[in-house]
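The structure follows.
The values are calculated or read from the model by the stated rules, or taken from the named source; none is laboratory data. No experiment lies behind these values; they were computed from the predicted model shown. Here Cβ is always computed from backbone atoms with ideal geometry, including for glycine, and neighbour counts include all displayed protein chains.
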Protein chains: 2
Amino acid sequence: MIAKKMEGLVNNNSVIRQMFEEGKKMAQEFGAENVYDFSIGNPNVPAPEKVKQTMMRLLEEEDPVVLHGYMPNAGFPDVREKVAQSLNRRFGTAFTADNIMMTVGAAGGLNCVLKAIINPGDEVLSFAPYFVEYRNYVANYDGVLKEIAPDTSTFQPDLEAFEKAVTAKTRALIINNPNNPSGVIYPESTIKAIAAILERKQEEYGTEIFIISDEPYRELVYTGAEVPYITKYYRNTIVGYSFSKTLSLPGERIGYLVVPSEIEGQDKLFQAVTIANRVLGFVNAPSLIQKVVAECLEEKADISFYAKNRDVLYDALKEYGFECIKPEGAFYMFIKSPTEDEKEFVSAAKEEHILLVPGSSFACGGFVRLSYCVSYETCVNSLPGFKRLAAKYGL
Amino acid sequence: MIAKKMEGLVNNNSVIRQMFEEGKKMAQEFGAENVYDFSIGNPNVPAPEKVKQTMMRLLEEEDPVVLHGYMPNAGFPDVREKVAQSLNRRFGTAFTADNIMMTVGAAGGLNCVLKAIINPGDEVLSFAPYFVEYRNYVANYDGVLKEIAPDTSTFQPDLEAFEKAVTAKTRALIINNPNNPSGVIYPESTIKAIAAILERKQEEYGTEIFIISDEPYRELVYTGAEVPYITKYYRNTIVGYSFSKTLSLPGERIGYLVVPSEIEGQDKLFQAVTIANRVLGFVNAPSLIQKVVAECLEEKADISFYAKNRDVLYDALKEYGFECIKPEGAFYMFIKSPTEDEKEFVSAAKEEHILLVPGSSFACGGFVRLSYCVSYETCVNSLPGFKRLAAKYGL
């Protein structure tokens, strides 16, 4: 009854999404306060007040025919120009509206890029652990995602393995910095090394290889670490951004793509991503929220809230004997499972009403992901459960 | 630099969209009041006041974490239930939330259906003239759109040709009722005949053939004609709906799919469309506007406005000698080109600052589409130009 390609997807439905939906059911059964749902990146910090104020003002003052109407598929030109100027102020770039396409979240943007550049059989690389949907996005266009095995001591890219993995078929590398699920940040030296390898390989194979930089967590950094803006290091870079995390608007589906002028044939590539936006059925990023985010480009949700969660969980989990790298960015912690089969540990945690996601969902078995964009109370109240789990596994 | 599949799309970029973008430029050059842009279905009637009031109230009263947050990929359960109940009240159906998936407009919904059911090489039928994007949507999943030639005297489906076109490879028929671009409505007798043909063909080939009913214009009817609700006539029907036209919200990208329980394996199919929504990068329909439309299900934009446009244009054009069927629904008029190559006529109209779309964009050369969802002034002020065009072509 359903398409063959969908069979596998239905049978292996997203574990993250299943957890999220199960969490909602458990909350109904046991009471929301008794379920510690760390399964999904659904921010519990409200959007900045300015989001609401801007939306109310636009609704009062602007022509609804414009506010809710069609605009060019790439988005409102004034919105795109404001995004470009904000990036230029913050990162010393030189973008204009012609480099920016507004998208239905980062997921929509990534699909437009991949539709625009992938031929069947093309390979797309990503460093494990990585956001598992990348594999599905690449498969939508009959590309093949190839993962580079993780260095589980640092969760930094294994550059030697990366260099070996680049072939004549390599069309792109997807980078996620700060990283979901590990919470690490790839420093400038690593970005430079990746760029140098790709420059060499492009030359060697006579191909164009893109870096697709997926950056929904760019503003969520706890340590003062710099997150390099990759277009400055490598010409063939396309940036995908989402306001979901920074402005706590994941349900609104709003983000953008940056297609720099340095890319050869940029105008054609920009046309291609814009047409992809149309024919994939997005048509355009939702209109009102485009206008809203354009006024909130320097806002961000209060991340001190996430920092506090990170500290209380990290300190307690280390104390109980769990192994984990202290996250520098995003709002995830990637914890070593105390038992080899991390799915067993995920099940044991569920007995404690603690919802985690197995690392195998990020191509990194033996670990579990904890998403700490929840309330502080959820973090604190989950600790006795973690303590019992530590005891259970003899940590 | 771009994917091979995209080359053709970039070279044949949507004529409708090009016209729309050109119209915006012409408006800047000549003044908006001197350009008669009938190119795109971008309603010029403001959204009903209740849309604004509901949005303001939700922003004041509801938790922003819920309002702007993730929900199940199929949409907020309460919104889906309200949509189901509204359909049941109006059409005597028996849907529940489990039959409704909220989508990123009808375009997003159609892509989810096609992703869920199309295997490479499958054929999808549509009656010409049809919305040209259907061809691109089907091609996204390596299906093939096959058109059934138009009956240009009535623009009603040619049932004999349809029956011949159904083969063992036929996976679906896309119907658009009321029709874009012709403005005709397919009556109950036609729907019954189509259903009977498909039942026979399913039996003959041992296949399942879907009707995908694309219904953004369902509420835009001027004549009291009934638009049959196809799920009541044919079991394997999936309905795609959009609020773009009814509530004048085309930029907001909000619609829904109906997947009736009568379909064998409905639960698996529903899972498949939901997963398609996720992996194609829509993730979910925009969240706040979901909550808004759920409160506005019995609202519609003031269509007396469109009726007035229809009458003034139809009467004048007929008087000037143009040939055209009087539209019963939607907000399009499909006019016979006074010259065989309708692109020449489109160019001549552009000289008069009148923007029309060639019928070849709807697989029906020799005609042009006029979209009359514009202001009454635009309609009236365009008439002298049409009169000069009629004279030019000796009508």
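Are there any pairs, at least 6 apart or on different chains, whose C-beta atoms fall under 8 Å, with the first in segment A:187-210 and under 21 Å from A:Val221 (Cβ atoms) and the second among the small types (Gly, Ala, Ser), and if so, which?
Note: pairs meeting the criteria are A:Pro187/A:Ala225.
If you don't mind, another one. When residues of segment A:61-85 are filtered for being more than 8 Å from chain B (Cβ to nearest Cβ) and touching a helix residue (DSSP H, G or I) at 6+ places or on another chain (Cβ under 9 Å), how many remain?
13
Output the number of residues of segment B:114-160 satisfying the condition of being more than 21 Å from B:Thr237 (Cβ to Cβ), in contact (Cβ under 8 Å) with a residue 40 or more places away in the chain and of a type in the set (Val, Ile, Thr).
Summing the residues that are more than 21 Å from B:Thr237 (Cβ to Cβ), in contact (Cβ under 8 Å) with a residue 40 or more places away in the chain and of a type in the set (Val, Ile, Thr) in segment B:114-160 gives 3.
Let me ask another. Can you work out which of the residues in segment B:181-192 that are among the small types (Gly, Ala, Ser) and part of a loop (DSSP other than H, G, I, E, B) is farthest from B:Leu297 (Cα to Cα)?
Of all residues in segment B:181-192, those among the small types (Gly, Ala, Ser) come to B:182-183, B:189.
Then keep just the ones that are part of a loop (DSSP other than H, G, I, E, B); that gives B:182-183.
Values: B:Ser182: 26, B:Gly183: 23 Å.
Once the filter is applied, the top-ranked residue is B:Ser182.
Quick one: is A:Ala307 more than 28 Å from A:Tyr137 (Cβ to Cβ), among the aliphatic types (A, V, I, L, M), within 22 Å of the chain's Cα centre (by Cα) and away from chain B (no Cβ under 12 Å)?
Yes, satisfied.
Could you grab me the full set of residues in segment B:137-161 that are surrounded by fewer than 20 Cβ atoms within 10 Å (Cβ to Cβ) and touching a helix residue (DSSP H, G or I) at 6+ places or on another chain (Cβ under 9 Å)?
B:Ala139, B:Val144, B:Leu145, B:Lys146, B:Glu147, B:Ala149, B:Asp151, B:Gln156, B:Leu159
If I ask for residues that are within 30 Å of A:Asn119 (Cα to Cα), within 7 Å of another protein chain (Cβ to nearest Cβ) and in contact with a helix residue (DSSP H, G or I) (Cβ under 9 Å, 6 or more places away or on another chain), which ones from segment B:1-59 would you list?
B:Met1, B:Ile2, B:Ala3, B:Met6, B:Leu9, B:Val10, B:Asn13, B:Ser14, B:Arg17
Would you point out the residue of segment B:269-284, among those that are more than 8 Å from chain A (Cβ to nearest Cβ) and within 20 Å of the chain's Cα centre (by Cα), that is farthest from B:Gly41 (Cα to Cα)?
Checked segment B:269-284; the qualifying residue farthest from B:Gly41 (Cα to Cα) is B:Val273.
Please go through segment A:205-230 and give me each residue that is polar (S, T, N, Q), in a strand (DSSP E or B) and within 14 Å of chain B (Cβ to nearest Cβ), ordered by number.
The answer is none; no residue qualifies.
Another one. Would you check which residues across segment A:101-124 are surrounded by 24 or more Cβ atoms within 10 Å (Cβ to Cβ) and either more than 9 Å from chain B (Cβ to nearest Cβ) or among the acidic types (Asp, Glu) (or both) and list them?
Going residue by residue through segment A:101-124, those that are surrounded by 24 or more Cβ atoms within 10 Å (Cβ to Cβ) are A:101-118, A:124.
Correct list: A:Met101, A:Met102, A:Val113, A:Val124.
Quick check on this structure: which one of A:Ser261, A:Ser287, A:Ser213 is assigned by TED's automatic domain parsing to the domain that holds A:Asn73 and under 22 Å from A:Gly329 (Cβ atoms)?
The unique qualifying residue is A:Ser213.
For B:Leu395, which of the numbered conditions (1) farther than 26 Å from B:Ser248 by Cβ; (2) modelled with pLDDT of 95 or more fails to hold?
Exception for B:Leu395: condition (2).
Something else now. Right, B:Gly365: more than 23 Å from the chain's Cα centre (by Cα), at pLDDT 95 or above and over 27 Å from B:Phe30 (Cα atoms) or not? Please lay out each step first, then the result.
Working: more than 23 Å from the chain's Cα centre (by Cα): no; at pLDDT 95 or above: yes; over 27 Å from B:Phe30 (Cα atoms): yes.
Judged against the criteria, B:Gly365 is not a match.
Condition check ((1) closer than 22 Å to B:Arg369 by Cα; (2) outside any helix (DSSP H, G or I); (3) away from chain A (no Cβ under 14 Å)) across all residues:
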position: B:Phe155; (1), (2), (3): yes, yes, yes
position: B:Asn179; (1), (2), (3): yes, yes, yes
position: B:Ile194; (1), (2), (3): no, no, yes
position: B:Tyr234; (1), (2), (3): no, yes, yes
position: B:Thr246; (1), (2), (3): yes, yes, no
position: B:Glu264; (1), (2), (3): no, yes, no
position: B:Asp267; (1), (2), (3): no, no, no
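Can you tell me which of B:Ala272, B:Ala225 is at pLDDT 95 or above, in the same structural domain as B:Arg90 (by TED's automatic domain parsing) and of a type in the set (A, V, I, L, M)?
On the way: B:Ala225 fails: at pLDDT 95 or above.
None of the others qualify; the one that does is B:Ala272.
Also: Checking the conditions here, which among B:Gly251, B:Gly240 is at pLDDT 95 or above, small (Gly, Ala, Ser) and assigned to a helix (DSSP H, G or I)?
Checking each option against the conditions leaves just B:Gly251.
Then there's this: Quick check: anything in segment B:228-235 in contact with a Lys or Arg (Cβ under 8 Å, 6 or more places away or on another chain) and hydrophobic (A, V, I, L, M, F, W, C)?
The answer is no, given that none of the residues of segment B:228-235 is in contact with a Lys or Arg (Cβ under 8 Å, 6 or more places away or on another chain) and hydrophobic (A, V, I, L, M, F, W, C).
Looking at segment B:86-100 only, could you name the residues that are more than 14 Å from chain A (Cβ to nearest Cβ) and among the aliphatic types (A, V, I, L, M)?
Residues satisfying the conditions are B:Leu87, B:Ala94, B:Ile100.
Only residues that are among the aliphatic types (A, V, I, L, M) and farther than 19 Å from B:Tyr186 by Cα: list them for segment B:133-164, please.
Scanning segment B:133-164 gives B:Val138, B:Ala139, B:Val144, B:Leu145.
Looking at (1) touching a helix residue (DSSP H, G or I) at 6+ places or on another chain (Cβ under 8 Å); (2) of a type in the set (S, T, N, Q); (3) surrounded by fewer than 17 Cβ atoms within 10 Å (Cβ to Cβ), which is the one condition that is false for B:Asn284?
Only one criterion in (1) touching a helix residue (DSSP H, G or I) at 6+ places or on another chain (Cβ under 8 Å); (2) of a type in the set (S, T, N, Q); (3) surrounded by fewer than 17 Cβ atoms within 10 Å (Cβ to Cβ) is unmet by B:Asn284, namely (3).
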